[in-house]
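Asker: So that we are looking at the same thing, I have put the structure below in structure tokens.
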Amino acid sequence: MSDRKTIEIPPRGTRGSSMPFGGALMRLAKPLMDMQISRYRRTAGPTPPQMMGFPAILLTTVGARSGLERTHVLGGFADGDDAWLIVASKGGAPTHPAWFINLAKNPDKVWIEVGNRKLKVVPDSLKGSEREQAYARVVAVAPRYAGYLKKTDREIPVVRLTPAG
């Protein structure tokens with residue numbers, strides 16, 4: 001039996017925060033992001049390090065178009081013993097982050113690093129009241145996420161990651 005689940009991509013929003021020169025700025029910032037990933041791996045212990053006051057994980061997906069592995073540092077919020085929540089907020093932008101599109105297109109090719117543990121995971125995009133309750137739990141740990149809902153009119157996906165197998 002496959003661990004593959006279908007992940008629905010909600011529609012884009014019509015308003016939200018934007019980053020001036022977004023694409024060009026992200027290309028310039030890539031070396032800095034790569035350094036963050038290297039530092040995470042070098043210093044990770046049994047518990048996830050903190051980033052901006054909340055726990056950070058590494059999420060690796062396979063590009064929907066490129067087929068290449070892509071790794072991102074994200075807020076990763078424990079949801080029970082062996083599950084984590086990630087939020088596709090993109091700072092309240094009207095579009096979804098690339099990692100969410102990759103995860104939706106290749107849900108069977110997703111890994112996380114939590115502290116010094118690397119796990120293949122099964123993503124589950126939460127819906128309805130389950131999503132709202134999960135988002136509220138994230139906001140309780142990281143209040144900045146509350147503001148993202150006010151910036152955009154798109155549904156910000158909340159994804160629960162559980163170990164595969």
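The values are calculated or read from the model by the stated rules, or taken from the named source; none is laboratory data. Quick caveat: nothing in here was measured; it's all calculated off a predicted structure. In this analysis, Cβ positions are derived from the backbone assuming ideal geometry, glycine residues included, and neighbour counts consider all displayed protein chains. These area figures cover heavy atoms from the full protein model, side chains too; ligands, DNA and RNA do not enter into them. Shrake-Rupley method; radii C 1.70, N 1.55, O 1.52, S 1.80 Å.
Asker: Against the definition (surrounded by fewer than 21 Cβ atoms within 10 Å (Cβ to Cβ) and within 20 Å of residue 6 (Cα to Cα)), how does residue 67 come out, yes or no? Steps first, please.
Answerer: Numbers: surrounded by fewer than 21 Cβ atoms within 10 Å (Cβ to Cβ): yes; within 20 Å of residue 6 (Cα to Cα): yes.
Yes: the conditions hold for residue 67.
Asker: Take residue 48 and decide whether it is in a loop (DSSP other than H, G, I, E, B), at pLDDT below 95, surrounded by 14 or more Cβ atoms within 10 Å (Cβ to Cβ) and of a type outside the set (S, T, N, Q). Can you show your working first?
Answerer: Numbers: in a loop (DSSP other than H, G, I, E, B): yes; at pLDDT below 95: yes; surrounded by 14 or more Cβ atoms within 10 Å (Cβ to Cβ): yes; of a type outside the set (S, T, N, Q): yes.
Answer is yes for this residue.
Asker: With the requirement that a residue be farther than 17 Å from residue 74 by Cα and among the acidic types (Asp, Glu), what does segment 92-139 give you?
Answerer: 108, 130, 132
Asker: Tally time: how many residues in segment 147-165 are open to solvent by 60 Å² or more (accessible area, probe 1.4 Å) and either under 22 Å from residue 114 (Cβ atoms) or small (Gly, Ala, Ser) (or both)? Step through it out loud before you land on a result.
Answerer: Narrowing segment 147-165 to residues open to solvent by 60 Å² or more (accessible area, probe 1.4 Å): 149-151, 153, 155, 165.
Pick out the ones that are also either under 22 Å from residue 114 (Cβ atoms) or small (Gly, Ala, Ser) (or both) and you get 165.
Residues that pass the stated criteria total 1.
Asker: Which of the numbered conditions does residue 85 fail, given that it passes all the others? Conditions: (1) farther than 23 Å from residue 13 by Cα; (2) assigned to a strand (DSSP E or B).
Answerer: The single condition residue 85 does not satisfy is (1).
Asker: On to the next question. Checking residue 91 against (1) within 13 Å of the chain's Cα centre (by Cα); (2) buried (at least 21 other Cβ atoms within 10 Å of the Cβ); (3) not in a strand (DSSP E or B), which single condition isn't satisfied?
Answerer: Tallying (1) within 13 Å of the chain's Cα centre (by Cα); (2) buried (at least 21 other Cβ atoms within 10 Å of the Cβ); (3) not in a strand (DSSP E or B), residue 91 fails exactly one: (2).
Asker: Right, another one. Pairs only if they're at least six apart or on different chains, beta carbon under 6 angstrom, first in segment 110-123 and over 17 Å from residue 47 (Cα atoms) and assigned to a loop (DSSP other than H, G, I, E, B), second open to solvent by less than 60 Å² (accessible area, probe 1.4 Å) and among the β-branched types (Val, Ile, Thr); list them, first residue then second.
Answerer: Correct list of pairs: 110/61; 110/121.
Asker: Something else about it: So residue 83 clears everything in (1) under 25 Å from residue 41 (Cα atoms); (2) more than 16 Å from the chain's Cα centre (by Cα) except one condition, right? Which one?
Answerer: Failing condition for residue 83: (2).
Asker: Please work out which residue is farthest from residue 18 (Cα to Cα), limiting yourself to segment 105-146 and to residues that are open to solvent by less than 30 Å² (accessible area, probe 1.4 Å) and among the small types (Gly, Ala, Ser).
Answerer: Among residues in segment 105-146 that are open to solvent by less than 30 Å² (accessible area, probe 1.4 Å) and among the small types (Gly, Ala, Ser), the one farthest from residue 18 (Cα to Cα) is 115.
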